[in-house]
Amino acid sequence: MSGLLSYVPIANRLVGTGSRQQAIHLPPVEIHQIETNPGRRARCLKHLLKANHVNYSIVYNHLRSVNQTSHLLSTAYLLGADETKLNDLYEVGIKHLEPWTPSPAEVADLDWQDFLGEREYQRAYVDFFEDKLAMDFAYNWKQQLQHFLFSGDMPLCYSLIGDGTK
């Protein structure tokens, strides 16, 4: 009976499993450096991801759908798809996507929070954060994330978990 109860939350603390402590060893996973990998599959994936990023919006259909092409291609790559299959999947994945539409204006340091949630500024935000990553943070995305999410008087995390007010 204790074997079955050991799977029930809280009861498992009382009954236990008979062993002192259980641990699961998870070995680290391989990191695929497609940016520098000279292989054909990796180069194909890199170019298709960049084409998707340059040509198609991240969210579309009035902000109700998300561009999943990068997930589709990355999964296929990890499962061993060759260049032909990656190209075929890309063509299928982009069928219902919407191309980027120009933003009414650029987003700048002084007004980057003024247009949050306005879908017509989607491209401007991508350009703003890409420029910041390159120019201000030397491609250190962790530092950029820390800066925009948690720094300043009105960090972005306020908007993510509330109404954006203090």
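The values are calculated or read from the model by the stated rules, or taken from the named source; none is laboratory data. From a predicted model like this one, the values you see are computed outputs, not experimental measurements. A quick note on method: Cβ atoms are made from the backbone with ideal geometry, for glycine too, and the neighbour counts reach across all protein chains shown.
Okay, here's what the table says:
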quantity	calculated
Residue in region 88-95 that is out of contact with any strand residue (DSSP E or B) (no Cβ under 9 Å at 6 or more places or on another chain) and not in a helix (DSSP H, G or I) present	yes
Some residue of region 54-70 being part of a helix (DSSP H, G or I), free of Cβ contacts under 8 Å to residues at least 24 places away in the same chain and surrounded by 11 or more Cβ atoms within 10 Å (Cβ to Cβ)	yes
Conditions (1) in contact with a His (Cβ under 9 Å, 6 or more places away or on another chain); (2) assigned to a loop (DSSP other than H, G, I, E, B); (3) among the aliphatic types (A, V, I, L, M); number of the one not met by V126	(2)
Some residue of region 88-95 being at pLDDT 95 or above and touching a Cys at 6+ places or on another chain (Cβ under 8 Å)	no
All positions within region 129-163 that are farther than 19 Å from K50 by Cβ and in a loop (DSSP other than H, G, I, E, B)	D136, F137, A138, N140, S151, G152, D153, M154, P155, G162, D163
Filter result for G80 (of a type outside the set (D, E, K, R) and either modelled with pLDDT of 95 or more or under 29 Å from F148 (Cα atoms) (or both))	yes
Filtered residues of region 101-125 (kept if surrounded by fewer than 16 Cβ atoms within 10 Å (Cβ to Cβ), in contact (Cβ under 8 Å) with a residue 40 or more places away in the chain and closer than 18 Å to A51 by Cα)	T101
Among residues of region 90-116, those that are small (G, A, S) and out of contact with any helix residue (DSSP H, G or I) (no Cβ under 6 Å at 6 or more places or on another chain), counted	2
